[in-house]
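In what follows, a single structure is set out as structure tokens and then discussed.
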Amino acid sequence: MNTSQNTMTDIRYMPSYSVPEAASYLRIPVSTLRAWIGRQRDFAPLIIPAQERPLSLSFINLIEAYVLASIRRKHEISMAKVRKGLNFISSQFGSSHPLADKEFETDGIDLFLREAAVVYNQEGQIILADVIKQYLKRIERDIHGLPIKLYPFSGRGEPDEPRFISIDPRISFGRPMLARKGIPIEIVIERYGAGESIDELTNDYECSQEEIEEALRYRIWKEAA
């Protein structure tokens, strides 16, 4: 898909997140994300930030970083190989954001792996492609194939983790929220930090204990980062 929509008015392309904020949402080190956007010495960018000054990322950038993290989560593919694969599929799809496009999920993974010379053996490459596809299922898309919602990880990063948390650029300025209730997790974290119990929060929001605990895991990761 050629993402030639009017990115000046599409909220998904607008600067919305600082680098530390985006890194905390995706559970990746800030230093890793800074390298991917070309803010570390000797690293050419894999992701072009939505805004340079102040440095800010868009929801589409967030999706690109999520896909990169998914590719590297189980298999250490070098940045040089990733860059080679991205350059190839960018030229094939005519897209400036190939990792965020539907074609990457449907047709691009095999092309990407082949161009990146990721061929452990036939079986190994198939397994890697299947794993990436499982991660991509946590991206919800519109009728044009562009991302509209992400269900990020808060646990160990397994593709079958429950989808308790969502990020939707149209709601709460794209901040993480309880997916089923649309409640920003920062509110849950704030109330818990003020002394309210998990039982009180589950009763007030009419949600499960697992949903509240999922929100609180974000706090643990953010503080650790």
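The values are calculated or read from the model by the stated rules, or taken from the named source; none is laboratory data. Being a predicted model, the structure only gives us computed values, none of them experimental. Backbone-built Cβ (ideal geometry, glycine too); neighbour counts: all protein chains shown. Keep in mind that these areas ignore ligands, DNA and RNA; they rest on the heavy atoms of the full protein, side chains included. Shrake-Rupley method; radii C 1.70, N 1.55, O 1.52, S 1.80 Å.
Okay, here's what the table says:
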| item | result |
| --- | --- |
| Count - residues of the range 48-81 that are of a type in the set (A, V, I, L, M), part of a helix (DSSP H, G or I) and farther than 17 Å from M14 by Cα | 6 |
| Of the criteria (1) open to solvent by 40 Å² or more (accessible area, probe 1.4 Å); (2) more than 19 Å from S16 (Cα to Cα), which one R53 fails | (2) |
| Candidates M8, M1, filtered to the one that is surrounded by 15 or more Cβ atoms within 10 Å (Cβ to Cβ), modelled with pLDDT under 80 and part of a loop (DSSP other than H, G, I, E, B) | M1 |
| Filter result for the condition that a residue is in a loop (DSSP other than H, G, I, E, B), at pLDDT below 85 and open to solvent by 10 Å² or more (accessible area, probe 1.4 Å), over V131, V119 | V119 |
| The range 14-35, subset without any contact (Cβ under 8 Å) to a residue 40 or more places away in the chain and not in a loop (DSSP other than H, G, I, E, B), residue surrounded by the fewest Cβ atoms within 10 Å (Cβ to Cβ) | S31 |
| Conditions (1) open to solvent by 10 Å² or more (accessible area, probe 1.4 Å); (2) modelled with pLDDT under 85; (3) not in a loop (DSSP other than H, G, I, E, B); number of the one not met by S91 | (2) |
| G145 modelled with pLDDT of 90 or more and under 24 Å from Y13 (Cβ atoms) | no |
